[in-house]
Amino acid sequence: MLGISFSPGGGPSAALDFGLFAQLVRKAEANALDMVVLADAAPFEATTLVAALATVTSRIGLVATASTVAHQPYNLARRFASLDVISHGRAGWKASMTQNTREAANFSRPDGFSPDAFRRRTEEYIDIVQGLWKGWDADALLFDKSAGRFHDPEKMHLLDHKGEFFSVRGPLNVARSPQDTPVLVMSGLSASDLDLAARTADVVLTDEASPERAKAFHGDLAARVAARGRDANAVKIFLTLELSGTPAETADRLEAQFRTGDCHGFNIVLPPQMAALDGFVSDVLPLLRQRGLARHDYGGAMLRANLGLAAGGAS
């Protein structure tokens, strides 16, 4: 499985051009890459960018980075549920797991949070979002005008959350997502974040590139996932890499790391330039396909299906 992330940079014209992003993502989709992970960076707010990209694509997964500091959990849950409807089941949320003090200062927290408070708040936040996503059963909305029944009340579930940091009643005013719940992606995990990821995440991005560290990370996370009562492969590990070396050397490196069984796929970091993406899809991707490391076409219509994830996410 393959995803791409676009690194900051690429020149001022690239940074301000939605048309370029649309070309890049359509090119990635034409080559059956599983998903694109979009940073929440200037000049585009990531969920707004995903909404626009969803209208010019039809198969590729669209993952937006969004902070737990910059949004209230109800608002964020509603936004991603809406994105999943707009994209017909291709949306994902990359939860920011590291604290940015400059960002916190923009949201009435000039001193930020202590590391322990930030961890507890993040855990509560993600539980609320996932709970809200599951507030409606898939067949809860009836739209039965003749009987005057908008929904089946037995299939609507109030969250009624009252916690240390948030109080949220629910439910969302958006129906259950086409793929059941948007895909939850995490990265930048500290040791204290691993239990949360094991319980809630669908995809974890890691840069543990050495075989020994990748094996240790995979073993640790898989054990924590199983201890939570989830299937050991319920959380997909994507190794984040910036490409260097010749296409053959790159393919050799990716194959060697994939064959260890310690990752399920790769998140390739590229500058937001057509030349960089063209080079990858013309020179590296064919070699990966020859080795069975990349698909020729999508296996399903929704992001969960293409990543081999069960419906509903974490339990």
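Here are the numbers for the structure shown:
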item	result
Spin-label model distance (nm) - ALA305 vs LYS155, 7 Å beyond Cα toward Cβ	2.0 nm
LEU241-ALA256 pseudo-label distance in nm [points 7 Å out on the Cα-to-Cβ vector]	1.0 nm
1.4 Å probe accessible area per residue over the chain, in Å²	44 Å²
Net charge of neighbours whose Cβ lies under 15 Å from the Cβ of GLY89, counting Lys and Arg as +1 and Asp and Glu as -1	-1
Förster-model FRET efficiency, 22 Å R0, ASN173 and ALA138, C-beta, rounded to 0.05	0.85
Sequence-separation-based contact order of the stretch 70-206, relative, with Cα cut under 8 Å and 6+ spacing, percent	32 percent
Cβ-based net charge around ALA311, under 15 Å, with every Lys or Arg adding one and every Asp or Glu removing one	0
Segment ARG26-ALA209, extension gain: residue separation times 0.36 nm, minus the distance between their alpha carbons	63.0 nm
Additional length obtainable on full extension of the chain from ALA248 to SER7, 0.36 nm per residue less Cα span	84.5 nm
Rounded to 5, the percent of DSSP beta bridges in the chain classed as antiparallel	15 percent
Length released on extending from PHE18 to LYS162, taking residue separation times 0.36 nm less the Cα-Cα span	47.8 nm
Relative contact order of the chain, defined on C-alpha pairs under 8 angstrom at six or more residues apart (%)	23 percent
Calculated FRET efficiency for the pair ASP111/ARG295, C-beta based, R₀ 51 Å, to 0.05	0.60
Mean Cβ count within 10 Å, highest first, over the residues of peptides 202-209, 225-232, 106-113	202-209, 225-232, 106-113
As computed over the stretch 143-248, the Cα convex hull volume per residue (Å³)	192 Å³
Where the Cα pairs of the chain fall when distances are cut into 10 Å bins, in %	6, 26, 35, 24, 8, 2, 0
Summed side-chain charge close to ALA70 - residues other than ALA70 whose Cβ falls under 10 Å, Lys, Arg +1, Asp, Glu -1	-3
Euclidean distance between Cα centres, the stretch 74-89 to the stretch 200-257, Å	27 Å
Computed FRET value (nearest 0.05) for ARG102 with GLU45, which takes r as the C-beta separation and R₀ as 25 Å	0.95
Long pairs among LYS27/LYS134; LYS94/LYS236; LYS215/LYS236; LYS162/LYS236; LYS94/LYS134; LYS134/LYS236, criterion Cα-Cα beyond 24 Å	LYS27/LYS134; LYS162/LYS236
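The values are calculated or read from the model by the stated rules, or taken from the named source; none is laboratory data. This one's a predicted model, so the numbers in the text were calculated from it and none came from an experiment. Methodologically, a virtual Cβ is constructed for each residue, glycine included, from the backbone with ideal geometry; neighbour enumeration extends over all protein chains shown. Calculation scope for accessible area: heavy atoms of the full protein, side chains included, ligands and nucleic acids excluded. Shrake-Rupley method; radii C 1.70, N 1.55, O 1.52, S 1.80 Å.
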